[in-house]
Amino acid sequence: MSISRALAQAMEGSSWIRRMFEEGVRLKERFGAENVADLSLGNPVIEPPPEVGVRLGELAASPPAGWHRYMPNAGFPSTRAAVAAHLARHTGVAYGAEQVLMTVGAGGALNVALKGLLDPGDEVLCLAPYFVEYRFYVTNHGGVPVVVPCGPDFRPDLERIEAALTPRTRALILNAPNNPTGVVYPGEDLDGVARLLEAASRAQGRPVYLISDEPYRAIVYDGATVPWPVRHYPETLHVTSFSKDLALPGERIGYLAVNPASRDAARLVGAFTFANRILGFVNAPALQQRLVERLLDVRVDLEGYARRRARLLAALEQAGYEVVRPQGAFYLFPRVPGGEDDLDFVRRCLAERLLVVPGTGFGTPGHFRLSYAVTDRDVDLACEALVRVAAALPR
Ligand SMILES: Cc1ncc(COP(=O)(O)O)c(C=O)c1O
């Protein structure tokens with residue numbers, strides 16, 4: 001075989017994504033893109049906030065000297081200092097520039113963290129439903145993903161987590177607001193997870209890390225707030241990006257921050273910085289670092305998301321779908337009605353010109369994910385299609 005067997009297997013395992021994507025392209029060619037509701041992607045259709053354009057204009061009008069050059073692998077000192085000050089203000093934890101590493105999105109940060117932590121065979125707990133890429137990110141670095149299902153309300157199931165911890169566990173990845181469920185974990189859940197990781201760390205004689213993946217932190221509704229995991233568990237690696245809160249996913253900019261009170265903070269940052277270099281990222285994009293440095297408290301206008309969320313929730317509930325009402329992100333993760341297989345259900349949706357993602361892809365069959373980072377028209381078409389699909393299901 002011309003390519004790695006492991007990669008071929010991984011590609012085959014996720015080929016449903018490609019098949020769905022191809023089916024979507026076919027539907028759009030046949031019926032016109034405006035007549036297909038594509039709720040399958042977390043790729044925001046809204047534009048970034050106006051401050052992004054203003055700041056880009058300022059940078060272009062008076063470019064800093066040498067602004068396209070390489071820089072230290074961890075990023076510009078001024079950007080790292082701004083991020084640290086931002087985190088310190090919000091968390092009350094005394095982050096300094098030296099604990100921040102600028103990365104190629106949250107995806108880059110997760111790979112850097114896992115590269116820095118894992119030896120072959122080390123285990124990483126991933127709570128299901130999980131972001132599709134976690135399993136690949138863990139295996140990229142010789143690790144073993146261990147899937148731990150959440151409870152029925154998609155909150156961490158502490159008993160299952162406890163049962164999954166072994167002497168090989170190096171980290172647990174937590175993601176809230178969650179993709180695909182939108183659920184925000186309350187502080188008591190973080191306390192519960194912290195107690196388990198503390199016990200596991202004591203048993204191992206070394207920290208078991210909490211990798212907190214938070215690209216949706218700023219996208220919340222109904223006045224919800226997202227607790228900061230680092231305030232509950234000191235060995236937390238905070239990972240985030242500007243892909244969702246500034247709607248800049250194509251610009252590939254994010255960061256990783258190590259708690260200054262972490263037992264081995266300096267060594268960790270050193271390892272992650274080296275990983276950033278040798279994974280070929282070298283450094284996060286220079287222009288984007290300059291951009292976000294001044295926009296750390298800016299976020300997209302949430303009104304459009306809130307409107308689409310309310311519309312979809314109302315339509316789903318009216319049509320009899322069972323759905324957890326989440327507080328954040330821009331996804332809903334309803335149960336497939338009547339206990340039907342989620343891949344079959346997604347095919348029914350395709351026949352109604354609606355593209356959604358089966359729960360199987362997130363390690364949680366029997367559900368489907370809707371993204372409302374789409375236009376109002378897409379949401380309208382989706383609501384109509386969901387009603388038709390529910391009505392046609394066998395009783
Ligand atoms: C939970 C989660 N983590 C990480 C990422 C990767 O984001 P980025 O574009 O910052 O690499 C995504 C993207 O959709 C996500 O949903």
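Would you be able to tell me the number of residues in region 366-383 that are over 17 Å from Val25 (Cα atoms) and within 19 Å of the chain's Cα centre (by Cα)?
Residues flagged as over 17 Å from Val25 (Cα atoms) and within 19 Å of the chain's Cα centre (by Cα) within region 366-383 amount to 7.
Considering Tyr185, Tyr130, which residue is assigned by TED's automatic domain parsing to the domain that holds Ala94, of a type in the set (Phe, Trp, Tyr), under 19 Å from the mean Cα position of the chain (by Cα) and closer than 28 Å to Ala275 by Cα? Full working, then the answer.
On the way: Tyr185 fails: closer than 28 Å to Ala275 by Cα.
Of the residues listed, the single one that is assigned by TED's automatic domain parsing to the domain that holds Ala94, of a type in the set (Phe, Trp, Tyr), under 19 Å from the mean Cα position of the chain (by Cα) and closer than 28 Å to Ala275 by Cα is Tyr130.
Any residue in region 42-53 that is surrounded by 20 or more Cβ atoms within 10 Å (Cβ to Cβ) sitting within a Cβ distance under 8 Å of a residue that is among the aromatic types (Phe, Trp, Tyr) and part of a loop (DSSP other than H, G, I, E, B)? List the pairs, counting only those 6 or more apart or interchain.
Gly42/Phe330; Pro44/Phe330
Can you pull out every residue in region 112-125 that is crowded, with 24+ Cβ neighbours inside 10 Å and within 27 Å of Thr360 (Cβ to Cβ)?
Ala113, Leu114, Val124, Leu125 - these are the residues of region 112-125 that are crowded, with 24+ Cβ neighbours inside 10 Å and within 27 Å of Thr360 (Cβ to Cβ).
If you go through region 200-248, how many residues are away from the ligand (no atom under 16 Å from the Cβ), outside any strand (DSSP E or B) and in contact with a helix residue (DSSP H, G or I) (Cβ under 8 Å, 6 or more places away or on another chain)? Walk me through how you get there before you give the answer.
So in region 200-248, the residues away from the ligand (no atom under 16 Å from the Cβ) come out as 200-209, 221-225, 227-228, 230-235.
Those still in the list that are outside any strand (DSSP E or B) too: 200-208, 221-225, 227-228, 230-235.
Subset that is in contact with a helix residue (DSSP H, G or I) (Cβ under 8 Å, 6 or more places away or on another chain): 207-208, 221, 227-228, 230-233, 235.
Qualifying residue count for the region: 10.
What is the residue count in region 304-346 for residues that are under 16 Å from Leu39 (Cα atoms), more than 23 Å from the chain's Cα centre (by Cα) and among the aromatic types (Phe, Trp, Tyr)?
Residues in region 304-346 being under 16 Å from Leu39 (Cα atoms), more than 23 Å from the chain's Cα centre (by Cα) and among the aromatic types (Phe, Trp, Tyr): 1 in total.
Give Tyr130, Tyr70, Tyr137, Tyr95 a once-over and let me know the one that is touching a His at 6+ places or on another chain (Cβ under 9 Å) and either surrounded by fewer than 16 Cβ atoms within 10 Å (Cβ to Cβ) or of a type in the set (Phe, Trp, Tyr) (or both).
Working: Tyr130 fails: touching a His at 6+ places or on another chain (Cβ under 9 Å); Tyr70 fails: touching a His at 6+ places or on another chain (Cβ under 9 Å); Tyr137 fails: touching a His at 6+ places or on another chain (Cβ under 9 Å).
Of the residues listed, the single one that is touching a His at 6+ places or on another chain (Cβ under 9 Å) and either surrounded by fewer than 16 Cβ atoms within 10 Å (Cβ to Cβ) or of a type in the set (Phe, Trp, Tyr) (or both) is Tyr95.
For Leu127, indicate whether it is in a helix (DSSP H, G or I), aliphatic (A, V, I, L, M) and within 16 Å of the ligand (Cβ to nearest atom).
no
Pick out the one residue from Arg160, Arg155 that is basic (Lys, Arg) and assigned to a loop (DSSP other than H, G, I, E, B).
Working: Arg160 fails: assigned to a loop (DSSP other than H, G, I, E, B).
Answer to the selection: Arg155.
From the list Ala314, Ala329, which one is touching a Cys at 6+ places or on another chain (Cβ under 9 Å), at pLDDT 95 or above and not assigned by TED's automatic domain parsing to the domain that holds Val208? Talk me through it step by step, then tell me what you get.
Working: Ala329 fails: touching a Cys at 6+ places or on another chain (Cβ under 9 Å).
Within the list Ala314, Ala329, the selection yields Ala314.
For region 305-348, how many residues meet the condition of being among the hydrophobic types (A, V, I, L, M, F, W, C), in contact with a Gly (Cβ under 8 Å, 6 or more places away or on another chain) and over 30 Å from Pro49 (Cβ atoms)?
1
Do the conditions hold for Arg135, that is, is it in contact with a Cys (Cβ under 9 Å, 6 or more places away or on another chain) and assigned to a helix (DSSP H, G or I)? Don't jump to the end; show me each part of the working.
Values: in contact with a Cys (Cβ under 9 Å, 6 or more places away or on another chain): yes; assigned to a helix (DSSP H, G or I): yes.
When the stated conditions are applied, Arg135 passes them.
From the list Gly182, Gly205, Gly187, which residue is under 23 Å from Arg263 (Cα atoms) and in contact (Cβ under 8 Å) with a residue 12 or more places away in the chain?
Numbers: Gly182 fails: under 23 Å from Arg263 (Cα atoms); Gly205 fails: in contact (Cβ under 8 Å) with a residue 12 or more places away in the chain.
So the residue among Gly182, Gly205, Gly187 that is under 23 Å from Arg263 (Cα atoms) and in contact (Cβ under 8 Å) with a residue 12 or more places away in the chain is Gly187.
With respect to the numbered conditions (1) surrounded by 17 or more Cβ atoms within 10 Å (Cβ to Cβ); (2) closer than 25 Å to Pro207 by Cα, which one is the sole condition not fulfilled by Val104?
The one condition Val104 does not meet is (2).
Hey, among Ala82, Ala113, which residue is within 16 Å of the ligand (Cβ to nearest atom), touching a Leu at 6+ places or on another chain (Cβ under 9 Å) and assigned to a helix (DSSP H, G or I)? Break it down into steps so the answer makes sense when it comes.
Numbers: Ala82 fails: within 16 Å of the ligand (Cβ to nearest atom).
So the residue among Ala82, Ala113 that is within 16 Å of the ligand (Cβ to nearest atom), touching a Leu at 6+ places or on another chain (Cβ under 9 Å) and assigned to a helix (DSSP H, G or I) is Ala113.
Run down Thr364, Thr360 and say which single residue is over 30 Å from Val83 (Cα atoms) and not in a helix (DSSP H, G or I).
Testing whether each residue is over 30 Å from Val83 (Cα atoms) and not in a helix (DSSP H, G or I) leaves just Thr364.
If I ask for residues that are out of contact with any Phe, Trp or Tyr (no Cβ under 8 Å at 6 or more places or on another chain), within 21 Å of Ala286 (Cα to Cα) and basic (Lys, Arg), which ones from region 203-262 would you list?
Result: Arg252, single match.
The values are calculated or read from the model by the stated rules, or taken from the named source; none is laboratory data. As the structure is a computational prediction, the values presented were derived from the model and not from experiment. Counting neighbours? That spans all protein chains shown, and the Cβs are built from the backbone with ideal geometry, glycine included.
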